[in-house]
Structure formats: C-alpha cells, structure tokens
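Undergrad: One structure, as structure tokens, below. Some questions next.
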Amino acid sequence: MNDMTPVKATTPKDWETDQEVRWCPGCGDYAILKAVQRTMPEIGGTPENTVFISGIGCSSRFPYYMETYGFHTIHGRAPAVATGVKLANPDLDVWIITGDGDALSIGGNHTMHLLRRNLDCQIMLFNNEIYGLTKGQYSPTSRVGTNSPSTPYGSVDRPATPCAFALGSGARFVARGFDVSKNLPEVLKAAHAHRGAAFIEIFQNCIVYNKDVFEDFAAPKGADGHQLWLRNGEPMLFGSEKSGGTKGIALDNVGLTLKVVDVVDGDWQSAGVIVHDVTNRSLAHMLVEMPFGEFPMALGVLYDDPRPTFNDAVIAQNESASAGKAPDLGKLLAKGQTWTVAEGHPET
Amino acid sequence: MRPAYPPIVFLTLQCAANGIRRKGIKVAIKDGLERMATAFKDEQTSGHTPVQSDAVVVRFAGDSGDGMQLTGGQFTLSSALAGNDFATFPDFPAEIRAPIGTLFGVSAFQINFGSSAIDTAGDQPDVLIAMNPAALKTNVGSLREGGLIIADTGEFNQRNLDKAKYTSNPFEDGSLAKWQVLAFDISALTLEAVKPFGMGNKDALRCKNMWTLGLALWMFDRDRQPIIDWLNAKFAKNQILADANIAALNAGHAYGETAELAGPLKQYHVDAAPAPAGLYRTVTGAESISYGLVAGAQLAGLKMFFGGYPITPASAILHHLSRLKEYGITTFQAEDEIAAICSAIGASYAGQLGVTSSSGPGIALKGEAMGLAIMTELPLVIVNSQRGGPSTGLPTKTEQSDLYQAVYGRNGDAPMPVIAARSPVDCFDCAVEAVRIAVEYMTPVMLLTDGYIANAAEPWLVPDLEEYTPFPVEFLESVPEDGFKPYARDHKLKRPWVKPGTPGLLHRIGGIEKEVDTGHINYAPANHQAMTDIRSTKVNNVADSIPDQIVEQGAAGAKLAVVGWGSTYGPIKQAVRRKRAEGVDVVHIHIRHIWPMPKNMAELLKSFDKVIVPEMNTGQLKTILRDQFLVDAQPVNKVSGQPFTIAEIEAAIGSAL
C-alpha cells in the first residue's frame, strides 16, 4: 500500500521529544536545541526522514531530544556510523552532533575522512573548549594555559582551530555560529541547503567548566565591533559609531594577509573592503585563521562551494557496475574453473 | 568427502639425487641421509606408513640465461635441509644459450617435495615461477588448475610477448583465469636491491634468479643461510657479485614477508579421491565467505553493506565483495577498523545487512563498536580471519588464538554468538549461518576463520541454493496494536527492526543502558539487571535454532574424544581415522557453534572418559569447555604459526590413553 500522506507543515513543537532534557541549567546546548527545532520546519524537514547521529559528550545527548530517528553512538564515531546510514539510505537527512573532544580528539580521523569524502550531511560541532561530561578536563580546542583538573598548572599544547581543520580536510562548506546567536538558524539553513558535508562550528558556553570563554565576542555588549557576520556578495563590514566606527576587512597586498581598515562615510569601496565570496577557498583559509582580538570573529557562512558527494558517487558506481548484469548467485558460484564428477566415478 | 585439509605427516627423508650435481650439496645429502635413518626408525616405531602422498610441485621456468637450474638446484638443497622428501626434473634446452626470450630457449626446473614418500617429480606443478612470456607460454599448460603463477612482469614487454607468440598480454586478456596469478616486476625489484653495488644493468639483472629464489624460500619457510654460504663460496673471488646475489636473495625473501603474500602461496597437492557426483570448482576461504555472505543476504532479503579496512589475511573478502555490486552490495573501504565496523552498524540501523571483517589486531579495535551493536541489538556479521598474535604477531601465519577475544573480548557483559568455519568450503555455510543468526536474533555474530582457511583453496561441490531455507527479514512498518516499543520482544527475545524513514515509529537508540521495552535511557539498578539478563538469554536462545552436536567419527561413550574447532579439522580427522583403524576407542567432535554451544554438548562430552582439545593456541576452547560444562578437557597446543601434523595429534591421542 502506498497511501500518500498529505504533506503537513511541521512546527518546532513537532520536533520535541517527551524526554526530559538533562543538560545543566543555563547550558548553551539549550539554545542550540531550540535553534535546530525552529529551523527544521523552515527547511521543510520531515521527522521520519531525519536522523540525528551523535558521539559521546554533553552535546551528543542531543538526539534524545529531537523527535526524529536518532543514534547516540560511541565516542568519536558518529561520522562513521553516519556514513553507513547515508550510504544505506541516501534519502535520509543526516545530522551529526559532536563536540570538540568527540570530533577533533578521539574522532579526529573520522571527521577528517567524512569531510574529505564529502558525505552529504550536516556536522554540528559544539565547541565549548572543554570536556564537560567528564568534569572539566581541557580539550583540543582549549586555549594555552587552560586550568583544568588534568592541567592544574595550565595546558601547554596549542589548540586546534576547528574550521581550519575542516577546510584542511577538504570541506566544501564551513560555517560558524554561537549558541545564543539569533543568526544561528540562518547558518543551519545554509548548511542544510548545501549538498555535501556541511561543517558548522558552534561556540557553546559551558557554564559549569568553562564559563563565558566566548564572551569577548559573543556578549551582546560591543557585539557589532567583535563579530563579522559574513554574507555572500556583501562587503565585510563590522562595527558602528558606538563601537568606535565602521570598519572593514581588506587585503594587505604586500603581505598577502587580511587587515582591518576604517570605513569613512560608508565608502567601503575606496577603503578596499573585500566583498565576501563564499566560493573563494583562499579567502576562506584566511578567514578561519583570522586571530580574534586584532580582528573580529568571522561568523556565518565562511565557505560554500559544493562538489559531487560521496554518497552520490558510491551509488552511481554501484549502478554503473551493476548495469546490464543479471545477478544470479547460482551462476556465479558455478563460474570459473569447474569440473564435473560423474555418478559412480571417481573425480575426473 | 575428501579431506578438507591436506593431511600432513611426519617427515621421512629420502634424498633423490637427480638434479643435484653440485659438490656442496653432497654434504647436505649425506647429512640428510643420516637423518633419514632416524626418520625411518621413528616410522617403524610408530607402526604405520603414510597412506597419502602430500606434496608440492614447483616449477621454475625462465630463459636459459636466467639461471633456473641453479635456482632449482639451490631450492632442492633447501628442501633437503628442511627434511623434505623430493624428486626433481631439470628440463633445459639443448642450446647452451638459445636466443633470448624465445619459446625454445626456455629452461625449467621442477621439484616435487613433500611430507611423505615422493616417487616422481610430479605430473602437474602447483606453482609455476615464470621469468618471461616464453616461460609462461611453454609451461602454463601443465600447471594444475587453480595452481599459482608467479611471473616477472618486467619481462612482459611487447618485444618479449612477440617472441613468445602472444597476441595479447596474458595478464590482461583473461586467459590465465583458471590459475592464481601473482605478477609483479621482479626485474625492477632486483635492480633496486642490487643498486648499492654499482653493477651494470645487465649484470644486475642476472641476480633475478636469486631474488626469485629468496621469494621461494620465504614461501616455503626455508632457511636462507645455506644459500648465502653457497653464494659466498661460489663467488669467493668476487665479493661484489656474492654480495649482490645475497642482497637479491634477501630482497626477494623480504618482499614475500613485507608484501604479506602468504595468501595463495602455500600450495599442496592432494591426490584425487572418490567424491560425490556433481559440479565442482576450486574455492578459497575468502571467496567462500564472500559468496556465503551474498547468499545469506539474499536468503534474508536484504542488501548488504560491507565496511572493511585492509589487513592481512582478511582483505581478500573486501576485494571479492567489491566486485559483486550487482548483488546489492555496497563496499566501503573505511579510514580505519573502527570506522569499518561503525559504518556497518550504521548501515544495519538503516536497514541493510551490515558486515565487517578483519584479523586479530583489527578485531581488537572493533571491540567497543561490537558492544554498541550488542547494546542497540542490531544485526551485524563480523568476520575474523585469525592470524598469529599478539599485537602485529605473525600476519601471514595461521593461528586460532582469537577465541577468547571472540567469546569474552569486550567490556561489560557482552554476549555475542560465535561460529567457526573448519575449511574453505565450510566458510560458505558458516557465512550463511552467521547472517541467519544475526537477523533472526538482532545481534552481532562473529565468524571465525584463520589465515590458512582464508587463503587455502580446495575443491567445492557447487551448492544448490534451492536447498537453503530462506529466512526473510520482516521490518516493523506500522505501530503494533499494543503500541510501539523499540525494545519490545518476540518469543526469542528479538526486538523489532525499524528502518529510519518509517513514519510513526520514530525512536532513538544508543549505547547507554536502555529501559526494558521503551528503550529510553535508564540507569536504574533493577533495569540494568533485567536488560543484562535479557541480552544474555537472547544469545543463549540461539541454541534453540542450531542442530545438536554430531560426532564426526565414532559415537558417544568412547574412551577418548578429540574435540576441535576451525582449521584443525583436517589433521584431527586423519589422526582419529588412523587410530580408529588401529582399534583405538577414540572419536572426533568438531564444533561449529562455539557460542552458544549445541544443547546436547554437556551430555555428549560427559559420556567420554577423556577429552582432549587440540588447538593452535594455548588452550582457549579447552577453557570454554571447562567453564561451560565442568569437563576435564585436556589441552593439546601448538602455536608455531604452523598447522598441526597428523602425527602430532596421533601422538596426543596415544598419550591421552
């Protein structure tokens, strides 16, 4: 029976489960969950065709709170499980939920290869720069000097930059947002619209073990001077009178680096401000490496330039290799080097 | 049925001197003859003569200038030193130097060596080493079907193909399909090996035969030192030549070792024996498993997803399945062993048959994910082609030392069915059985083979697929009358399998302990007790679906049972057969279903006065039998990377009684 179910628009409520959410009160994960539940109806998602797959960590509890199919897997391995799910059923809309430890430490290998292969899915990396679920050890994205139970004298190793890692791994979509940002649904929509692996780093405030580490750019106060929201085809402008004047990002033609320039009277052209082009990979490399402080935090869609997906390629090859062949296992078994032993005779 | 495993007997030494003309060898033969006397004495003591001739026939063939006779002679020496019986057949052209590359310029040396009396040089080579197209052309016809060709592709250029009157390259036109082919650029590898000695190209290439001999020595696990000594003596006046030849010899040996070519290399000749009528083919364990998995997926009505990562000796399964896409198979070479199993679990979650395969070290890496499959109760087949361990161990040698890992090797109480194949042919039925259990009980299943089984080829009476009972999977597609519970259970304790994409049955699963029925996260003490019990009972219930343990030879109540599993089947069978022929009250039991065991096993084992368990490990099945049945199973162990000999098991039977 193929009864056509009339397409009914969902509401955010339709994406909520009956499970009690168990994150710490005030955790940034709540805001991200809400943003995702708000986004799903807007992208026309259907719960039964959506799968959330996570690893281990605070963020990885996420699937239990989404009224979709969900798989809470093991530490670091969500990309691998997701690969099997998507190859087995490419019609599913696959979302990977992971954290900085899950995706970049124990699961770094899988993250790299998922991006390299370009599996069609969304990867939401909740970056709180700490191991929350294990009570506060420093993580691969923790800043040098982070005091934690395992680094009582401060961490000494340099952190990874998730978006730079993603680009280096061959990602074709790289975006950034943060938990309480009103722009987060817009970033998620862009990620979903991208066919291929869409990597989204979401700065997430761990209020217990790493409180407010992103406040310097995420705090509402002075936000416009600290946040560069990138939009394709628009000049890279930030700041206002209040924050000390409108500024822009320009190219230092001598050093081949980015620089901050003042924009006077809105004349960004003569200041040399760059117009954002999401397909410019070189630019994306510079944006993900832009040091905060000297520069604003680059947010939004940093890079978006689709390429053929892994799942499409696998299925196309499965089909082309199968074309014109009638699978007959009996014949296959009887193929090759065979001989017949006659009744009542020893082997010939 | 013919023995599934070539019987191996204690060696008698009977040096046939034909083909050996060198002074240095005489010493070895003299030494060998002395040892032969000892061997004869042993044989008289043991009171029987070998009934079957088990041997390997190798033919070295190349251009007259390639030094094939020298190579063959040295190989013969190594056979003598290894205690083999042998006979040789040098076959060289009349011309001292026939024109290079021509058909009539081919020189060949054949040796038949084995573990029992050898009377001829062998009718059909099992292995043909062909140094150029002409050598292949003139010799391949006599190679036994399924035999192995080792060829130097460096010589397979258009000029040499023309000289050999090949109209197309035999490696590319499919004309060698009935043999196994290992073709690689021996010329280039030799040049590389002797580079440090600064010889001209022509002289350097003359070391090719020693490179080839090095590979052959590796293939048959021979000592290089006698050949090195001989080279040093031969080129005593030209140390560079000696060193270059030794370097080539070592390089060939190292190539075999590092390229992990053990696969098709060990070829045993087994005499024809009466066999049931029907269509036969040769099959290796890796092929047989691959076909069995395909058959299993068809019987279940599922598409298959195979996640693998290259590892010796398991890669062959990935290779075979990747060519069978038209059977609804997706193969995925993952970034590591963990991703291989996790992707298979993901595919099972999405409604396909997830399969992964590896060998010991890779299986260890998959352990945590097996726990996930157990916890989420998804079907999965894990094939373990065991090799010598621990750690990297002996990648190309066979061993049965992963039984503990299979049965006990996961965190938590993590029961999982385990079955073991006894031979290449048996792999087919075992793979079908693994798939059946996986889907009928919603559980991962481990299928054990070993390096020997995976790579060995044997004749196979092609099965009639109509004779296999289908076990079609029924996915849950709508809400049951009493509501949908992801961990509700049927009478076997199986939970429903729901494909994502199915409306109305949305649910979440994961590795955290589940609440009974609902599958929600639940850490409550009573719930964990209940779920642990359910997982254990469910796997034990598999015993309801498997046949009683049979006794291969003999019956319950004998004085001694020899209980084996896996690839020890051949030597145990032969040893028990011989002992029974002598009137000894001994039986052979071979276990396929290792976890859970057949229901009659306790009663059966307790009917014997004594039980011995020969294994290529330090006593792992022995432990399980003691643990499960409180029987006084006694270990008979061998961990040399080599299979048991029949005589070793006969001796064990003797000392047990």
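Undergrad: Tell me which residues, restricted to the range B:316-332, are surrounded by fewer than 24 Cβ atoms within 10 Å (Cβ to Cβ), more than 8 Å from chain A (Cβ to nearest Cβ) and either more than 24 Å from the chain's Cα centre (by Cα) or in contact (Cβ under 8 Å) with a residue 60 or more places away in the chain (or both).
TA: Answer for the range B:316-332, where residues must be surrounded by fewer than 24 Cβ atoms within 10 Å (Cβ to Cβ), more than 8 Å from chain A (Cβ to nearest Cβ) and either more than 24 Å from the chain's Cα centre (by Cα) or in contact (Cβ under 8 Å) with a residue 60 or more places away in the chain (or both): just B:Ala316.
So that you can scan it fast, the table gives a plain yes or no per residue for (1) more than 8 Å from chain B (Cβ to nearest Cβ); (2) touching a Leu at 6+ places or on another chain (Cβ under 6 Å); (3) more than 21 Å from B:Ile345 (Cβ to Cβ); (4) without any contact (Cβ under 8 Å) to a residue 12 or more places away in the chain:
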position	(1), (2), (3), (4)
A:Gly57	yes, yes, no, no
A:Thr83	no, yes, no, no
A:Pro90	yes, no, no, no
A:Leu104	yes, no, yes, no
A:Ile123	yes, no, no, no
A:Gly132	yes, no, yes, no
A:Ser155	yes, no, yes, no
A:Ala164	yes, no, yes, no
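Table: residues versus (1) within 28 Å of A:Phe126 (Cβ to Cβ); (2) out of contact with any helix residue (DSSP H, G or I) (no Cβ under 7 Å at 6 or more places or on another chain); (3) aromatic (Phe, Trp, Tyr).
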| residue | (1), (2), (3) |
| --- | --- |
| A:Ala193 | yes, yes, no |
| A:Gly222 | yes, yes, no |
| A:Asn232 | yes, yes, no |
| A:Phe238 | yes, no, yes |
| A:Asn253 | no, yes, no |
| A:Gln269 | no, yes, no |
| A:Val275 | no, yes, no |
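Undergrad: Can we say B:Asn209 is under 20 Å from B:Leu128 (Cα atoms), touching a residue at least 40 places away in the same chain (Cβ under 8 Å), touching a Pro at 6+ places or on another chain (Cβ under 9 Å) and part of a helix (DSSP H, G or I)? Please lay out each step first, then the result.
TA: Working: under 20 Å from B:Leu128 (Cα atoms): yes; touching a residue at least 40 places away in the same chain (Cβ under 8 Å): yes; touching a Pro at 6+ places or on another chain (Cβ under 9 Å): no; part of a helix (DSSP H, G or I): yes.
No; evaluated as a whole, the condition is false for this residue.
Undergrad: Could I ask something else about it? For B:Ala421, only one of the following conditions fails: (1) under 26 Å from B:Thr282 (Cα atoms); (2) out of contact with any strand residue (DSSP E or B) (no Cβ under 7 Å at 6 or more places or on another chain). What is its number?
TA: Unmet for B:Ala421, out of (1) under 26 Å from B:Thr282 (Cα atoms); (2) out of contact with any strand residue (DSSP E or B) (no Cβ under 7 Å at 6 or more places or on another chain): (2).
Undergrad: Still on this structure, I have one more. Just the residues that are more than 15 Å from B:Leu560 (Cα to Cα), touching a residue at least 12 places away in the same chain (Cβ under 8 Å) and assigned to a loop (DSSP other than H, G, I, E, B), please, taken from the range B:604-639.
TA: Hits for the range B:604-639 are B:Met616, B:Asn617, B:Thr618, B:Gly619, B:Lys638, B:Val639.
Undergrad: Just the residues that are over 11 Å from the mean Cα position of the chain (by Cα) and over 12 Å from A:Ser59 (Cα atoms), please, taken from the range A:121-136.
TA: Let us first name the residues in the range A:121-136 that are over 11 Å from the mean Cα position of the chain (by Cα), namely A:128-136.
A:Glu129, A:Thr134, A:Lys135, A:Gly136, listed by residue number.
Undergrad: Here's a follow-up. Could you check how many residues of the range B:514-529 are in contact with a Phe, Trp or Tyr (Cβ under 9 Å, 6 or more places away or on another chain), without any contact (Cβ under 8 Å) to a residue 12 or more places away in the chain and part of a loop (DSSP other than H, G, I, E, B)? Explain how you work it out, then say what you get.
TA: Filtering the range B:514-529 down to residues in contact with a Phe, Trp or Tyr (Cβ under 9 Å, 6 or more places away or on another chain) leaves B:514-521.
Remaining after also requiring without any contact (Cβ under 8 Å) to a residue 12 or more places away in the chain: B:520-521.
Subsequent filtering for residues that are part of a loop (DSSP other than H, G, I, E, B) retains B:520.
Number of matching residues: 1.
Undergrad: Can I ask one more? Quickly run through the range A:30-72 and pick out the residues that are among the β-branched types (Val, Ile, Thr) and assigned to a helix (DSSP H, G or I). Break it down into steps so the answer makes sense when it comes.
TA: So the first thing to find is which residues in the range A:30-72 are among the β-branched types (Val, Ile, Thr), and the list is A:32, A:36, A:39, A:43, A:46, A:50-51, A:53, A:56, A:68.
Answer for the range A:30-72, where residues must be among the β-branched types (Val, Ile, Thr) and assigned to a helix (DSSP H, G or I): A:Ile32, A:Val36, A:Thr39.
Undergrad: While we're on this one: Are any residues in the range B:333-356 among the polar types (S, T, N, Q) and under 23 Å from the mean Cα position of the chain (by Cα), and if so, which ones?
TA: So the first thing to find is which residues in the range B:333-356 are among the polar types (S, T, N, Q), and the list is B:333, B:343, B:348, B:352, B:356.
Of everything in the range B:333-356, those that are among the polar types (S, T, N, Q) and under 23 Å from the mean Cα position of the chain (by Cα) turn out to be B:Gln333, B:Thr356.
Undergrad: Which of the residues spanning the range B:141-153 are within 14 Å of another protein chain (Cβ to nearest Cβ) and either over 24 Å from B:Gly285 (Cβ atoms) or surrounded by fewer than 21 Cβ atoms within 10 Å (Cβ to Cβ) (or both)? First the steps, then the outcome.
TA: Let us first name the residues in the range B:141-153 that are within 14 Å of another protein chain (Cβ to nearest Cβ), namely B:143-149.
Across the range B:141-153, the qualifying residues are B:Arg144, B:Glu145, B:Gly146.
Undergrad: I've got another one for you. What is the residue count in the range B:374-384 for residues that are over 12 Å from B:Gln405 (Cα atoms) and more than 10 Å from chain A (Cβ to nearest Cβ)?
TA: Kept after step one, since they are over 12 Å from B:Gln405 (Cα atoms), are these residues of the range B:374-384: B:374-383.
Checking which are more than 10 Å from chain A (Cβ to nearest Cβ) leaves us with B:374, B:377, B:379-383.
Final tally of qualifying residues: 7.
Undergrad: Sticking with this structure for a sec: If I ask for residues that are crowded, with 23+ Cβ neighbours inside 10 Å, in contact with a strand residue (DSSP E or B) (Cβ under 8 Å, 6 or more places away or on another chain) and either facing chain A (nearest Cβ under 7 Å) or under 27 Å from B:Ala259 (Cβ atoms) (or both), which ones from the range B:292-315 would you list?
TA: Listed by number, the residues that qualify are B:Leu293, B:Val294, B:Phe305, B:Phe306, B:Gly307, B:Gly308, B:Tyr309, B:Pro313, B:Ala314.
Undergrad: Only one of these conditions is not met by A:Lys325: (1) over 30 Å from B:Arg323 (Cβ atoms); (2) within 11 Å of chain B (Cβ to nearest Cβ); (3) among the basic types (Lys, Arg). Which number is it?
TA: Unmet condition: (1).
Undergrad: Could we say that A:His75 is within 9 Å of chain B (Cβ to nearest Cβ) and crowded, with 24+ Cβ neighbours inside 10 Å here? Show your work before the answer.
TA: Values: within 9 Å of chain B (Cβ to nearest Cβ): yes; crowded, with 24+ Cβ neighbours inside 10 Å: no.
No, not satisfied.
Undergrad: Among the residues of the range A:286-311, what is the count of those that are surrounded by 15 or more Cβ atoms within 10 Å (Cβ to Cβ) and over 28 Å from A:Val180 (Cβ atoms)? Give the steps one after another, and end with the answer.
TA: Residues of the range A:286-311 surrounded by 15 or more Cβ atoms within 10 Å (Cβ to Cβ): A:286-290, A:295-306, A:309-311.
Adding the requirement that they be over 28 Å from A:Val180 (Cβ atoms) leaves A:305-306, A:309-311.
Adding up the residues that qualify gives 5.
Undergrad: Can you tell which of B:Lys208, B:Lys178 is within 35 Å of the chain's Cα centre (by Cα), modelled with pLDDT under 90 and farther than 24 Å from B:Pro395 by Cα? Outline the logic, then answer.
TA: Numbers: B:Lys208 fails: modelled with pLDDT under 90.
None of the other options fit; the residue is B:Lys178.
Here is a yes/no grid of residues against (1) surrounded by fewer than 21 Cβ atoms within 10 Å (Cβ to Cβ); (2) away from chain A (no Cβ under 14 Å); (3) on the phi < 0 side of the Ramachandran plot:
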site: B:Asn112; (1), (2), (3): no, yes, yes
site: B:Ala135; (1), (2), (3): no, yes, yes
site: B:Asn139; (1), (2), (3): no, yes, yes
site: B:Gln158; (1), (2), (3): yes, yes, yes
site: B:Glu172; (1), (2), (3): yes, yes, yes
site: B:Lys178; (1), (2), (3): yes, no, yes
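Undergrad: Could you pull out the residue among B:Gly412, B:Gly501, B:Gly483, B:Gly511 that is out of contact with any Phe, Trp or Tyr (no Cβ under 6 Å at 6 or more places or on another chain), over 23 Å from A:Glu16 (Cα atoms) and within 14 Å of chain A (Cβ to nearest Cβ)?
TA: Selected residue: B:Gly412, the only one of B:Gly412, B:Gly501, B:Gly483, B:Gly511 that is out of contact with any Phe, Trp or Tyr (no Cβ under 6 Å at 6 or more places or on another chain), over 23 Å from A:Glu16 (Cα atoms) and within 14 Å of chain A (Cβ to nearest Cβ).
Undergrad: Also: One residue is enough: does the range B:282-290 have a residue meeting the conditions of a type outside the set (Phe, Trp, Tyr), within 10 Å of another protein chain (Cβ to nearest Cβ) and not in a helix (DSSP H, G or I)?
TA: So far as the range B:282-290 goes, yes, one or more of its residues are of a type outside the set (Phe, Trp, Tyr), within 10 Å of another protein chain (Cβ to nearest Cβ) and not in a helix (DSSP H, G or I).
Undergrad: I'd like to know if the range A:276-298 contains one or more residues that are within 14 Å of chain B (Cβ to nearest Cβ), charged (D, E, K, R) and touching a residue at least 60 places away in the same chain (Cβ under 8 Å).
TA: Start the filter on the range A:276-298 by keeping residues that are within 14 Å of chain B (Cβ to nearest Cβ), which leaves none.
Within the range A:276-298 (the criterion being within 14 Å of chain B (Cβ to nearest Cβ), charged (D, E, K, R) and touching a residue at least 60 places away in the same chain (Cβ under 8 Å)), the answer is no, since none of the residues qualifies.
Undergrad: Quick one: is A:Glu42 surrounded by fewer than 20 Cβ atoms within 10 Å (Cβ to Cβ), farther than 19 Å from A:Asn210 by Cβ and within 10 Å of chain B (Cβ to nearest Cβ)?
TA: On the way: surrounded by fewer than 20 Cβ atoms within 10 Å (Cβ to Cβ): yes; farther than 19 Å from A:Asn210 by Cβ: yes; within 10 Å of chain B (Cβ to nearest Cβ): no.
No: the conditions fail for A:Glu42.
Undergrad: Does A:Ser142 satisfy the condition of being within 25 Å of A:Phe199 (Cα to Cα) and surrounded by 24 or more Cβ atoms within 10 Å (Cβ to Cβ)? Don't jump to the end; show me each part of the working.
TA: Numbers: within 25 Å of A:Phe199 (Cα to Cα): yes; surrounded by 24 or more Cβ atoms within 10 Å (Cβ to Cβ): yes.
Yes: the conditions hold for A:Ser142.
Undergrad: Considering each of B:Leu630, B:Leu605 in turn, give the residue that is modelled with pLDDT of 95 or more and at negative phi. Walk me through how you get there before you give the answer.
TA: Numbers: B:Leu630 fails: at negative phi.
Matching residue, one of B:Leu630, B:Leu605: B:Leu605.
Undergrad: Counting only residues that are assigned to a helix (DSSP H, G or I), out of contact with any strand residue (DSSP E or B) (no Cβ under 9 Å at 6 or more places or on another chain) and surrounded by fewer than 18 Cβ atoms within 10 Å (Cβ to Cβ), which one in the range B:542-587 is modelled with the lowest pLDDT? Spell out the reasoning first.
TA: Kept after step one, since they are assigned to a helix (DSSP H, G or I), are these residues of the range B:542-587: B:542-545, B:566-581.
Checking which are out of contact with any strand residue (DSSP E or B) (no Cβ under 9 Å at 6 or more places or on another chain) leaves us with B:544-545, B:570, B:574, B:578, B:581.
Checking the rest, the ones that are also surrounded by fewer than 18 Cβ atoms within 10 Å (Cβ to Cβ) come to B:544-545, B:581.
Values: B:Asp544: 98, B:Ser545: 98, B:Ala581: 93.
Among those residues, the one meeting the criterion is B:Ala581.
Undergrad: Could you go through the range B:203-213 and let me know if any residue there is within 25 Å of B:Ser640 (Cα to Cα) and hydrophobic (A, V, I, L, M, F, W, C). Working first, answer last.
TA: Looking only at the range B:203-213, we keep the residues that are within 25 Å of B:Ser640 (Cα to Cα), and these are B:213.
Those left that are additionally hydrophobic (A, V, I, L, M, F, W, C): B:213.
Among the residues of the range B:203-213, at least one is within 25 Å of B:Ser640 (Cα to Cα) and hydrophobic (A, V, I, L, M, F, W, C), which makes the answer yes.
The values are calculated or read from the model by the stated rules, or taken from the named source; none is laboratory data. Not measured: the values here are computed from a predicted model. Quick reminder, even Gly has a Cβ in these numbers, built from the backbone with ideal geometry, and neighbours come from all protein chains shown.
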